[in-house]
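Please read the structure below before turning to the comments.
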Amino acid sequence: VIARIIQDSALGLDHAHHAMARDGKSLSVIHRDVSPQNIMVRTDGVTKVVDFGIAKASHIESRTATGILKGKIRYMSPEQIYGQSIDHRSDQYALGVVLWELCARERLFKAASDVMALAHMMERPITPPSTMSPDLPPMLEHVVLRMLARDRDRRYARCSDVAQALGEYLASLARPVRTVEVAAFIESVVGARVKERTANLEPSKENF
């Protein structure tokens, strides 16, 4: 289920990264804030990447003041932290952090403050998620660690390549994992709360 959720997310990001304007030129959209809060799994099992509020695009003038970081620090790529030029592989790194945390079931960069987290991110090697989850399939861990390579040239060329690698992992399983399986998992986790919140969708009289 985790692999299917991240596969959908990777495909969504790849679509944004390589979207074309009407004149055929690439928009070069970079999300810059890929994090758990911006990955939404619908009750029908479809995953969407949302909130492109701080996205950078080639057709929009976008400058960040020196010393200002845009996005959630613990999901930023090394090049984003160091203030270097970024491309779509920066979003891939952030998605890799999300995947690592889903596999390990804990935060990748645990620290008392963002400053301490930054030091961790810049100095310590990435711990294989199988350290926390010994049963994690090696094929899936390989995808995670490649996405999290500090050298962006060692990551996948595109998020569609991430999706393909995850698809190959899913194809290796004894049974398929489709959106219906993801939907069933979501129902088991938050189904009751969703039904409670949507039981009465009548507008509040206070709004009239």
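Below is a table of values for the structure above.
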quantity	calculated
Å³ per residue enclosed by the Cα convex hull of the range 80-208	209
Formal net charge of residues neighbouring Val182 (Cβ-Cβ distance under 12 Å; K, R +1; D, E -1)	-1
Nearby aspartates and glutamates by direct alpha-carbon distance to Lys48 (threshold 13 angstrom, same-chain neighbours under 8 apart not counted)	Asp8, Asp14
Student exercise, the range 119-208 dipole from Lys, Arg, Asp, Glu Cβ charges, in Debye to nearest 20	140
Rule-of-thumb Rg ratio for the range 129-193 [Cα; 2.2 N^0.38 Å; N residues]	1.36
Theoretical ellipticity at 222 nm over the chain - DSSP helices of four or more residues, -39500 (n - 2.57) apiece, nearest 500	-13500 deg cm²/dmol
Computed label-point distance, nm, for sites His15 and Asp51 using a 7 Å Cα→Cβ extension	2.0
Pair Ser113, Val190: separation of 7 Å Cα→Cβ label points (nm)	3.2
For the chain, built as a Gaussian network whose Cα springs stay under 10 Å, the top-fluctuating residue of Glu196, Glu168, Glu79	Glu196
Ratio of the Cα radius of gyration of the range 1-54 to 2.2 N^0.38 Å, where N counts its residues	1.22
Within-12-Å neighbourhood charge of Arg154 [Cβ basis; K, R +1; D, E -1]	+3
Protection proxy ranking, peptides 187-193, 28-34, average beta carbon neighbours within 10 Å, highest first	28-34, 187-193
Virtual paramagnetic centre 7 Å along Cα→Cβ of Leu173, amide N under 14 Å, in the range 93-117	103
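Quick note: the coordinates plus some simple rules give every number you see, no bench work behind them. All figures in this text were calculated on a predicted structure; none of them were measured in a lab. Ideal geometry is used to build each Cβ from the backbone, glycine not excepted, and the neighbour counts take in all protein chains shown.
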